[in-house]
Amino acid sequence: MVQRERIADHVYVFRSAMYAQVNAGLVATDNGCILIDTLPYPQETLEIAQYVKERLRSEVRYIILTHSHADHVYGAYLFPEAQVVGHLLSRELMIRQTRPALIEARQRSATLSEVHLRMPTLLTEQEATIRIGDFTLSMNHSPGHAPDVLTVYVREEKVLFASDTVMPVPYFINGNIDDLRRSLLVIQDTSPVEDVVQGHGEVLLRGEVQLVLKEQLEYLDKLEAGVEKIYESGGGKTELDAFEIEQCGISRISLNGLVQQLHRANAYFLYGQMRRREKQAA
Ligand SMILES: [Zn+2]
């Protein structure tokens, strides 16, 4: 069962129980609903569709896909009536990466056999605004986790959907650590904010947002310094594997322990980058 939370009068969050606690958001207005991302497995996204139809007696008019990754976009085909909004780069990345990966995933998993991608057709680059009913949704380019990430700020409800720019551990192996730092700083400055919906995991409340963002920025600094030290002292796999997430100030328990794997992937990614840079410079 999808976990449903009503975080403001007109804003809901649906959290996947099947995959990495992905969050989809819903803004319900008098002129229809806007869905922010979908859930990876059709049966979970169908629970959202059912809720909109039967409980809200409404329909989804727009879907904003915050980036091209499978866990956020697979469900869009279940809302054929909705227009799909996304970053210009998402379209390209979906064609180049998400689609071929889906073809493989469909062969492995019967539950995905019906899934087909819907590409965004309303495209944004830096920022864009949708006004629907009494609500204003501002989309902002937020690269780092991936090059195409968009955040969505619902002005009237003071809710920020931060997509995977904010997760229980910052994760950038498909993007870039410096971009992610800058994007986290932008989120730090977003105001006023009552809730920040992370791409995965629990919703952050006003009282904890700044603390979490500070921890995330510190994580990136400590991670980079730690990997640099390993690299410069001639260390490798053994040292990287022994470099724990707690040494960078983040607990390993979130997302049922998945954060530890993400942390390790970050460390390897940075190490590889340092090695490539040195080779290029030589
Ligand atoms: Zn994700």
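Tabulated data for the structure shown
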quantity: Condition met for Gln188 (outside the structural domain of Pro143 (by TED's automatic domain parsing) and either at pLDDT 95 or above or more than 17 Å from Gly144 (Cα to Cα) (or both)); calculated: no
quantity: Those residues of segment 117-167 which are surrounded by fewer than 19 Cβ atoms within 10 Å (Cβ to Cβ) and of a type in the set (Lys, Arg), in sequence order; calculated: Arg131, Arg155, Lys158
quantity: Residue within segment 170-180 that is out of contact with any Lys or Arg (no Cβ under 8 Å at 6 or more places or on another chain), modelled with pLDDT under 95 and assigned by TED's automatic domain parsing to the domain that holds Asp37 present; calculated: no
quantity: From the options Thr66, Thr98, Thr29, residue that is within 16 Å of the ligand (Cβ to nearest atom) and under 25 Å from His10 (Cα atoms); calculated: Thr66
quantity: Pair list, Cβ under 6 Å, 6 or more apart: segment 257-282 residue within 16 Å of Asn174 (Cβ to Cβ), other residue among the β-branched types (Val, Ile, Thr) and open to solvent by 50 Å² or more (accessible area, probe 1.4 Å); calculated: Ala265/Ile173; Phe269/Ile173
quantity: Residue that is within 13 Å of the chain's Cα centre (by Cα) and not assigned by TED's automatic domain parsing to the domain that holds Glu246, where the choices are Met167, Met139; calculated: Met167
quantity: Residues being hydrophobic (A, V, I, L, M, F, W, C) and closer than 21 Å to Tyr19 by Cβ - total across segment 251-282; calculated: 6
quantity: Qualifying helices (runs of 4 or more DSSP H) (wholly inside segment 175-282; at least 3 residues being hydroxyl-bearing (Ser, Thr, Tyr), within 26 Å of His69 (Cα to Cα) and within 16 Å of the ligand (Cβ to nearest atom)); calculated: none
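Yes/no per residue for (1) out of contact with any Phe, Trp or Tyr (no Cβ under 7 Å at 6 or more places or on another chain); (2) among the hydroxyl-bearing types (Ser, Thr, Tyr):
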{"position": "Met139", "(1), (2)": "yes, no"}
{"position": "Glu156", "(1), (2)": "no, no"}
{"position": "Tyr171", "(1), (2)": "yes, yes"}
{"position": "Glu194", "(1), (2)": "yes, no"}
{"position": "Glu215", "(1), (2)": "yes, no"}
{"position": "Gly234", "(1), (2)": "yes, no"}
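Table: residues versus (1) of a type outside the set (Lys, Arg); (2) outside any loop (DSSP other than H, G, I, E, B); (3) open to solvent by less than 10 Å² (accessible area, probe 1.4 Å).
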| site | (1), (2), (3) |
| --- | --- |
| Glu47 | yes, yes, no |
| Tyr51 | yes, yes, no |
| Arg61 | no, yes, no |
| Gly75 | yes, yes, yes |
| Val84 | yes, yes, yes |
| Arg91 | no, yes, no |
| Met94 | yes, yes, yes |
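The values are calculated or read from the model by the stated rules, or taken from the named source; none is laboratory data. Since the structure is predicted, the reported quantities are computational estimates derived from the model, not experimental observations. Methodologically, a virtual Cβ is constructed for each residue, glycine included, from the backbone with ideal geometry; neighbour enumeration extends over all protein chains shown. Only protein heavy atoms, including side chains, enter the accessible area calculation; ligands, DNA and RNA are left aside. Shrake-Rupley method; radii C 1.70, N 1.55, O 1.52, S 1.80 Å.
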